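Here's the structure we're looking at; comments come further down.
Every read-out reported here was derived from the displayed coordinates using simple, explicitly stated rules and does not represent laboratory data. Nothing here was measured: the structure is a model prediction, and the numbers come from that model. Here the Cβ positions follow ideal geometry from the backbone for every residue, glycine too, while neighbour counts run over all protein chains shown.
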Amino acid sequence: MDSMKELERQVGLLLGELADLRRTNRLLAGRVKKLEKAARDSSGAEGLARERDELRRRVSGLVEHLAQLENE
């Protein structure tokens, strides 16, 4: 029975982490959209492009992490 409680505890922790990652993913995706719009609206925005690329990389990493958690 102790192993079942431990499993339930771990599942609860993972579900909380999954919810946090999904929230972060939504926030970062929104930030990427804003940066893409800003980059389109301004010419020569190399700094914005770099930030957009970094955010895109981070969002992709979060998406991969979410997929791994869902498959476990």
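Compute the long axis of helix 46-71 from its Cα atoms, compare it with the longest principal axis of the Cα atoms of the chain, and write down the angle in degrees, 0 to 90, nearest 10.
So the helix axis and the longest Cα principal axis differ by about 20 degrees.
Between beta-carbons, use under 15 Å as the cut-off and find the net charge around GLY16, counting Lys and Arg +1, Asp and Glu -1.
-2
Helix-only estimate, please: 222 nm mean residue ellipticity of the chain, summing -39500 (n - 2.57) across DSSP H runs of length 4 or more and dividing by its residues, to the nearest 500.
-33500 deg cm²/dmol
Enumerate the calculated ³J(HN,Hα) couplings along segment 3-11 in order (Karplus 6.51 cos²θ - 1.76 cosθ + 1.60, θ = phi - 60°), each rounded to whole Hz, writing x wherever the residue is Gly or Pro.
5, 5, 5, 5, 4, 4, 5, 5, 5
Taking every alpha carbon pair in the chain, what does the distance histogram look like in 10 angstrom bins from 0, in percent?
Result returned by the calculation: 19, 35, 22, 14, 7, 3, 0.
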